[in-house]
Amino acid sequence: MGVSLSHGVYKATGSENEDGEITSTSEESKFAYPSVFAEYNTGTVSIGVEVIPGSVTTDQASRTDINLGDTNGVGNDGTTSGVTNTAEVSISQHVTLYGLVPIMDSGAYVKAGISRMNVKTNESLATGSTYGDVEGVQGLHASLGYQHDTGGAFFRAEIGYSEYDNVSVKGSNSHTVQADIEGKYARISIGHTF
């Protein structure tokens, strides 16, 4: 049983389909987040469950559209004032099932896991449209680390990579947004063996 603190750099590459017009973009966000874990050592491999408590919210992204023209997008003569659209994403109920395999008696280990999370979008758009939430987004994780044992306690440091399923949400205006999420992270953990 233990606690971890991770710092990750995550990138979302996505596209928006607005009535057949597709706009693509990518955003990168850096943030830190805590987690708690419990695991059972079978002797050759440790099986564990890790939970990120509460929710993690990305940085807010914004875009200002100017020179809009009329409601049909015609006559972009600059007489229409600009509008700013903002959006951020909150991740919650992130649970990971993982296996940890020591590399001989070196203290080094490899870890692989599969996770499930919910994604909630928080947006303020000039059109007034909103996008729904997505539940059950799955992810794959792989990391390499080192563990130092001190009596009944241990300290770990690891680096890893995560990749999640494609996330697709449909807006109240029937526009569709799709995104692929991947990221790298560094993590330190402190735990106690029983």
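Of the residues making up the range 52-68, one or more are under 23 Å from GLN138 (Cβ atoms), at pLDDT 90 or above and part of a strand (DSSP E or B).
Suppose the filter is more than 13 Å from LYS111 (Cα to Cα) and either under 20 Å from the mean Cα position of the chain (by Cα) or surrounded by 13 or more Cβ atoms within 10 Å (Cβ to Cβ) (or both); does GLU158 pass it?
On the way: more than 13 Å from LYS111 (Cα to Cα): no; either under 20 Å from the mean Cα position of the chain (by Cα) or surrounded by 13 or more Cβ atoms within 10 Å (Cβ to Cβ) (or both): yes.
Against the criterion (more than 13 Å from LYS111 (Cα to Cα) and either under 20 Å from the mean Cα position of the chain (by Cα) or surrounded by 13 or more Cβ atoms within 10 Å (Cβ to Cβ) (or both)), GLU158 does not qualify.
For the range 1-18, a residue qualifies if it is over 17 Å from the mean Cα position of the chain (by Cα) and open to solvent by 70 Å² or more (accessible area, probe 1.4 Å), and the qualifying residues are MET1, VAL3. Restricting the range 174-194 to residues that are open to solvent by 50 Å² or more (accessible area, probe 1.4 Å) and over 15 Å from the mean Cα position of the chain (by Cα), the residue that is nearest to VAL119 (Cα to Cα) is SER174. Screening TYR146 on (1) in contact with a Phe, Trp or Tyr (Cβ under 8 Å, 6 or more places away or on another chain); (2) open to solvent by less than 50 Å² (accessible area, probe 1.4 Å) shows it passes everything except condition (2). The set of residues from the range 117-148 being at pLDDT 85 or above and hydroxyl-bearing (Ser, Thr, Tyr) comprises SER143, TYR146. Taking GLU21, is it at pLDDT below 80 and under 19 Å from the mean Cα position of the chain (by Cα)? It is false that GLU21 is at pLDDT below 80 and under 19 Å from the mean Cα position of the chain (by Cα). Checking each residue in the range 24-49 for being loosely packed, with under 15 Cβ neighbours inside 10 Å, more than 12 Å from the chain's Cα centre (by Cα) and in a strand (DSSP E or B) picks out SER24, THR25, SER26, PRO34, ALA38, TYR40, ASN41, ILE47, VAL49.
Note on the range 8-34: residues that are under 17 Å from THR96 (Cβ atoms) and touching a residue at least 60 places away in the same chain (Cβ under 8 Å) amount to 2.
The values are calculated or read from the model by the stated rules, or taken from the named source; none is laboratory data. Worth saying up front: this structure is predicted, and the values here are computed from it rather than measured. So basically every Cβ, Gly included, is an ideal-geometry build from the backbone, and we count neighbours across all protein chains shown. We work out accessible area using only protein heavy atoms, side chains counted, and drop any ligands, DNA or RNA first. Shrake-Rupley method; radii C 1.70, N 1.55, O 1.52, S 1.80 Å.
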